[in-house]
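Below: the structure, in structure tokens.
The values are calculated or read from the model by the stated rules, or taken from the named source; none is laboratory data. Because the structure is a prediction, the values reported are computed rather than measured. Reconstructed Cβ throughout: ideal geometry from the backbone, glycine too, with neighbour counts over all protein chains shown. What goes into the accessible areas is simple: the full protein's heavy atoms, side chains included, and nothing from ligands, DNA or RNA. Shrake-Rupley method; radii C 1.70, N 1.55, O 1.52, S 1.80 Å.
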Amino acid sequence: MSLFSPDSLSVDRLTPGEAAGELARLAALIAHHDRLYHQLDTPELSDSEYDALVRRNTAIEARFPLLVRSDSPSRRVGAAPAAGFRKVVHTVPMLSLGNAFAEADVAEFLARLRRFLTLDDGDELALVAEPKIDGLSCSLRYERGRLALAATRGDGVEGEDVTRNVLTIKDIPHVLSGADVPGVLEVRGEVYMSRADFLALNRDRSALGGEIFANPRNAAAGSLRQLNPEVTASRPLRFFGYALGEVSESVAASHCEVRRRLADWGFHLNEPARTCRDLAGLVAYYREIEARRAELPFDIDGVVYKVDRYDLRERLGNTAKGPRWAIAHKFPAEQACTRLLKISIQVGRTGALTPVAELEPVTVGGVMVSRATLHNEDEIARKDVRAGDLVVVQRAGDVIPQIVRALEHGADSVPFSMPDRCPDCGSQAVREDGEVVRRCTGGLICPAQALERLRHFVSRDAFDIEGLGEKIIAEFWAEKLIERPGDIFRLAARDQGSLKPLRKRAGWGDKSAANLFAAIEARRTIALERFIFALGIRQIGQATARLLARTYGTYARWRAAMLAVADDRQGPAWVELTGIDQIGAVVAGDLAEFFAEPHNLAVLDDLALEIAVTDAELPKVADSPVAGKTLVFTGTLAAMSRGEAKARAESLGAKVAGSVSAKTDFLVVGADAGSKAAKAAALGVTVLDEPAWLALLKGDGP
Ligand code: IVH
């Protein structure tokens, strides 16, 4: 196949007219080959042929910058960059679960359910307990009974299209059996590998001199995310169904019924499952499964308890973290014993110094561990952990491994003392009154802080720039190519004229460099909540960022409000901010501090030149009378708990605040209300009694 027209002119002899034509042809051609490569996995070009096309396109654009097309391969968000799978937005988000570790956590979960649903002591509440499989969750969409799409969980909102791979898994029906299959049916469950299959796979791989997988979970994930489905087909993957996503018609009123339907349609269920009615029942189930853990053919990391009735689930709803109606009860962490070689210090993005244990590598619960966190100096002193000690390390799920205790001190060991200077920039490291962490005061001059901030900025829940890893950030930072976030978006332009372009660097090639630039381009538009989170302001995690985004709606409004907060810690902006439920004076103070720092504003303004921040999406509640309004509850409602009332209000698009202010739209008053009603009256806030609130929920506006 000929890639260039026969008269393929050298770039520096092209006329503008010819260049424009050539750029159009290249855009279409490269798009075609991207699709073959990324989506169909049937590339027709070798890497070097493909790279030649991209190079030619880049060269022509460099000579005729005014002719760069809006659909140019250099600007295009690749069909699916780097990772190679098409992204899929889940119609119903794939949530994760809250965790319980101790029996007391389970008791608290049950009490919370009962409080929320205002159940009396005698009222029955059935939960279904199931093993918690350690694999990766997957959503299977069936249309008219036929598998139409399979997607990984991803970040819960957006996953990856792995349909072609999933079609190779024998446990997964291509066509559902049984009668009454809804037109659209999403089955959710876990893709996993049995322990025996995992061991056999590793044996084969090591016989062939290949790398082995650390555990069945990694093996399952690595096998599912293969660009070539034939590789997936050669791996012994299995599937359990345990939940539904989108369904076009209601299929059951309880989880028990859903399980029966799943089995009829041809799915395997995770067994043993059991319906339990109280704490004693749940705990007995947990203990039994824990005792039988080694006999089960697959790895589990705990059990899951789920409210059985769907109508109750509906009322309970979700928090940002996961459904209120379910919880994972985890098994205790796995432990191992090893030698602590040395204690090193890591500097985080807000300057916190964290002591890290460098360990003689050891396998803990199937995973090799060579580093563990020691949290802070008080913790080390309390446990008297020293370099050279024999220590107990533990690991639970995905959390960072920890040092539990020292078993014996090494010879000539001395107690650890925290440095009073930052190991990276040499600035003073101070510990403020009442704080356990010591912080580097170097701020902007501290390379560790700068790098950590950039790393956070591009991380998955922030700007999510795939391919911009730690190593390359550090390299660019040292060369002053990326010093602040805005520079990331100027990288492609800077790279073009560079003597040491990315594609020539160790570990990079034309294709990976082009993929990285495409991944960066794809993020020039970003949602407000991600943007706020990406800034890495102390204490502003994802949940708080979302809260801020929903409260202020637009970047401009948020920025203006935060400047006002920084300016006056008593003014109306401060009152509004601290009036947001779940935002207190400490978080508000951190926001104020961030916005009081001129350098941070410079970073924001610089970034604003490069990107567009989209307004926050309010929950879909078009015609709710309280959408966008601020509500405060006071006193006791008879029909529902405070928790349910708050959740209902939020699901109608309202914001719920803890105290009455000039920004309050409605005060809902239950029995035995305190002083808030008087304050509301003084401020002219609309006051609703319980019947008015219930009428409003039914859609009769106030
Ligand atoms: S129910 C809304 N049941 O655990 C989430 N999840 O930690 C409903 N998992 O993402 C999930 N076994 O991947 C459920 N029997 C089971 C499970 C299970 C494993 C996984 C699932 C989920 C994760 C949450």
### Summary
Inside region 225-259, the number of residues satisfying the requirement of being in a helix (DSSP H, G or I), surrounded by 13 or more Cβ atoms within 10 Å (Cβ to Cβ) and more than 13 Å from the ligand (Cβ to nearest atom) is 6
### Query
Can you spot a residue in region 307-317 that is within 11 Å of the ligand (Cβ to nearest atom), open to solvent by 20 Å² or more (accessible area, probe 1.4 Å) and closer than 20 Å to Ala111 by Cβ?
yes
### Query
Considering only strands (runs of 3 or more DSSP E) fully contained in region 108-192, which possess at least 2 residues that are aliphatic (A, V, I, L, M) and more than 12 Å from the ligand (Cβ to nearest atom)?
146-152, 184-192
### Message
Out of everything in region 108-146 that is among the acidic types (Asp, Glu) and more than 20 Å from Val307 (Cα to Cα), what residue ends up being least open to solvent (accessible area, probe 1.4 Å)?
### Response
Asp134
### Message
Please go through region 260-297 and give me each residue that is within 21 Å of Phe101 (Cα to Cα), open to solvent by 70 Å² or more (accessible area, probe 1.4 Å) and either within 13 Å of the ligand (Cβ to nearest atom) or among the polar types (S, T, N, Q) (or both), ordered by number.
### Response
Arg274
#### Entry: Selection count where residues are in a loop (DSSP other than H, G, I, E, B), within 15 Å of the ligand (Cβ to nearest atom) and open to solvent by less than 60 Å² (accessible area, probe 1.4 Å), scope region 84-107
5
### Query
Which of the following residues is closer than 17 Å to Thr350 by Cβ, assigned to a helix (DSSP H, G or I) and not hydroxyl-bearing (Ser, Thr, Tyr): Asp606, Asp590?
Asp590
## Note on the structure
Expected output for region 238-256 (first residue more than 25 Å from Pro297 (Cβ to Cβ), partner polar (S, T, N, Q) and buried (at least 18 other Cβ atoms within 10 Å of the Cβ), Cβ below 6 Å, 6+ apart or cross-chain) is Gly245/Ser139
### Query
Give me the pairs: first residue in region 557-569 and without any contact (Cβ under 8 Å) to a residue 60 or more places away in the chain, second residue open to solvent by 60 Å² or more (accessible area, probe 1.4 Å), beta-carbon distance under 6 Å, and six or more apart or on different chains, which are they?
Ala566/Ala596
### Task
With the checklist (1) under 22 Å from Tyr552 (Cα atoms); (2) open to solvent by 20 Å² or more (accessible area, probe 1.4 Å); (3) touching a Lys or Arg at 6+ places or on another chain (Cβ under 9 Å) in hand, flag the one item Ala657 doesn't pass.
(2)
### Message
Name the single residue that is least open to solvent (accessible area, probe 1.4 Å) among those in region 318-340 being more than 16 Å from the ligand (Cβ to nearest atom) and of a type outside the set (A, V, I, L, M).
### Response
Thr338
### Query
Since Tyr305 meets every condition but one in (1) closer than 30 Å to Asp121 by Cβ; (2) out of contact with any His (no Cβ under 7 Å at 6 or more places or on another chain); (3) aromatic (Phe, Trp, Tyr), which condition does it not meet?
(2)
### Task
Exactly one condition in (1) assigned to a loop (DSSP other than H, G, I, E, B); (2) within 12 Å of the ligand (Cβ to nearest atom) is not met by Phe213; state its number.
(2)
### Query
Given the structure, is Ile343 in contact (Cβ under 8 Å) with a residue 24 or more places away in the chain, in contact with a Phe, Trp or Tyr (Cβ under 9 Å, 6 or more places away or on another chain) and open to solvent by less than 20 Å² (accessible area, probe 1.4 Å)?
no
### Task
Could you check how many residues of region 266-297 are at pLDDT below 95 and within 28 Å of Val157 (Cβ to Cβ)?
1
### Message
Tell me the residue from Phe633, Phe666 that is touching a Gly at 6+ places or on another chain (Cβ under 8 Å), surrounded by 15 or more Cβ atoms within 10 Å (Cβ to Cβ) and in contact (Cβ under 8 Å) with a residue 12 or more places away in the chain, please.
### Response
Phe633
### When residues of region 432-448 are limited to those that are more than 11 Å from Arg349 (Cα to Cα) and out of contact with any helix residue (DSSP H, G or I) (no Cβ under 8 Å at 6 or more places or on another chain), the one least open to solvent (accessible area, probe 1.4 Å)
Val437
### Query
Does any residue of region 193-211 turn out to be within 25 Å of the chain's Cα centre (by Cα), buried (at least 19 other Cβ atoms within 10 Å of the Cβ), more than 20 Å from Leu312 (Cα to Cα) and not small (Gly, Ala, Ser)?
yes
### Query
Hey, among the residues in region 157-191 that are among the polar types (S, T, N, Q) and over 21 Å from Ile133 (Cβ atoms), which one's surrounded by the fewest Cβ atoms within 10 Å (Cβ to Cβ)?
Ser177
#### Entry: Residue, farthest from the chain's Cα centre (by Cα), within region 155-188, restricted to residues that are over 19 Å from Arg235 (Cβ atoms) and acidic (Asp, Glu)
Asp180
### Query
Pick from Glu483, Glu470, Glu452: which is acidic (Asp, Glu), surrounded by fewer than 21 Cβ atoms within 10 Å (Cβ to Cβ) and closer than 22 Å to Ser344 by Cβ?
Glu470
### Task
May I ask you to say which residue of Arg494, Arg523 is within 20 Å of Val68 (Cα to Cα) and touching a residue at least 60 places away in the same chain (Cβ under 8 Å)?
Arg523
### Query
How many of the residues in region 147-156 are surrounded by fewer than 18 Cβ atoms within 10 Å (Cβ to Cβ) and touching a helix residue (DSSP H, G or I) at 6+ places or on another chain (Cβ under 7 Å)?
1
### Query
Looking at region 579-589, is at least one residue open to solvent by less than 50 Å² (accessible area, probe 1.4 Å) and over 17 Å from Lys655 (Cβ atoms)?
yes
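A quick yes/no check of all residues on (1) closer than 14 Å to Leu604 by Cβ; (2) open to solvent by 60 Å² or more (accessible area, probe 1.4 Å); (3) not in a loop (DSSP other than H, G, I, E, B):
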position: Gly536; (1), (2), (3): yes, no, no
position: Gln539; (1), (2), (3): no, yes, no
position: Ala545; (1), (2), (3): no, no, yes
position: Ala549; (1), (2), (3): no, no, yes
position: Trp558; (1), (2), (3): yes, no, yes
position: Met562; (1), (2), (3): yes, no, yes
position: Val565; (1), (2), (3): no, no, yes
position: Gln570; (1), (2), (3): no, yes, no
position: Trp574; (1), (2), (3): no, no, yes
